[in-house]
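As structure tokens, the structure follows; a few thoughts come after it.
The values are calculated or read from the model by the stated rules, or taken from the named source; none is laboratory data. The structure displayed is predicted, hence computed values, not measured ones. Note: ideal-geometry Cβ built from the backbone for every residue, glycine included; neighbour counts use all protein chains shown. Surface areas here come from the heavy atoms of the whole protein model, side chains and all, with no ligands, DNA or RNA. Shrake-Rupley method; radii C 1.70, N 1.55, O 1.52, S 1.80 Å.
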Amino acid sequence: MPPPLLPGWCINWVKSHMKLKLRKKTPPKSDDTQRESLRGKVSRPEAYNYHARRYQSERGNDRGHPRPAPKSGDSLGRRLERLTSTILIGVLVFSFLYLFWLDMSPRVRLADNPTATEPRGLLREPAEYEAGIRDILDDTPLSRSKLTINTERMQEKILQRYPELASVTITLPLTGQRPIIDIRPRESALLLNSRVGGTYTVDRSGTIMGDVSEIPQSERSHIESLPLVEDNSGVEARPGQQIVTSETVNFLLQLTHQYRQAEAPIRDITFPRDKPNEIRVTDSGNEFFVKYIVTRTAAEQFGAYRAVLERTGGEGVEEYVDVRVPGKAFYK
């Protein structure tokens, strides 16, 4: 039997309802799934990299835009500027070293007469002092600079090498390089003829200054007038050594003055062996000697000797006259 006829609107409603029933239901997407799907659709901004941007700016981009090359004029100017700076620094360093550098050829002059062209009173030639002091300075490398030289130590070394000098002063020039050495020689007081050595000059302190054979000819006339003493004490004499006391030297100078005033030339003066305070003097025209002692005044003892000569006339005196005892005189 055929189905009953239905209205058209009813048939359409049934068809649509049946389609909804037959359609497969899909589960809802989670939040993570939705974000993953969106991630592929939405473009993310590129992360900024400083070094990559800088490298691209220096090398140029991929489109072939290179960095502009520096101009040749700028490069040449920088090179000239660096060259000028280098030269200026070198000149400054050289000027600094030259200002404080010392020449090892000193200039020697007399402290009391620095302008003298021919110094007097020296026991050596000025050139010999200059050569010796140059050797002393060369032995110390620190002496080549004004900043490192020890002037006091150098002065001590010079005095040790040249005992005839009383003082030494080293002056460093402000702008020059040649040091100035001012020397003051000791005053020669007497000549000492040693049995153990040679003949030496002795100053007022009793210190041996130097060998007579080394004295320049220009100074020989000065030392020839000095009293000559024969040293029989047996003590070894060498330059820089104090051979006698200053009191002995002063006594000798006073005694020789007494003889000159009395116009009694002295033939010889002797230091006897093992008698440090005794001095024996023989005057011209006599064969005997006079015994003096340095602990009493020369004038008093010489007066006692002259009294013996006036009283005896030299008769009966064969070996010596002894005036060492105060107020008395003995002769033999």
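Residues that are open to solvent by 20 Å² or more (accessible area, probe 1.4 Å) and in contact (Cβ under 8 Å) with a residue 24 or more places away in the chain: list the strands (runs of 3 or more DSSP E) wholly contained in the stretch 219-332 that include at least 3 such residues. Before the answer, list the steps.
Numbers: elements: 228-231, 266-271, 278-283, 289-293, 320-322.
The strands (runs of 3 or more DSSP E) meeting that bar are 266-271, 289-293.
Can you tell me how many residues in the stretch 186-206 are closer than 26 Å to residue 171 by Cβ and in a strand (DSSP E or B)?
1
Could you check residue 283 against (1) of a type in the set (D, E, K, R); (2) at negative phi; (3) under 46 Å from the mean Cα position of the chain (by Cα) and say which number it fails?
Of everything listed in (1) of a type in the set (D, E, K, R); (2) at negative phi; (3) under 46 Å from the mean Cα position of the chain (by Cα), residue 283 misses just condition (3).
Please work out which residue is most open to solvent (accessible area, probe 1.4 Å), limiting yourself to the stretch 141-185 and to residues that are touching a residue at least 24 places away in the same chain (Cβ under 8 Å) and assigned to a helix (DSSP H, G or I).
Residue satisfying both the conditions and the ranking: 160.
Of these, 205, 194, which one is open to solvent by 10 Å² or more (accessible area, probe 1.4 Å) and either of a type outside the set (Asp, Glu) or touching a helix residue (DSSP H, G or I) at 6+ places or on another chain (Cβ under 8 Å) (or both)? Explain how you work it out, then say what you get.
Values: 194 fails: open to solvent by 10 Å² or more (accessible area, probe 1.4 Å).
Among 205, 194, only 205 is open to solvent by 10 Å² or more (accessible area, probe 1.4 Å) and either of a type outside the set (Asp, Glu) or touching a helix residue (DSSP H, G or I) at 6+ places or on another chain (Cβ under 8 Å) (or both).
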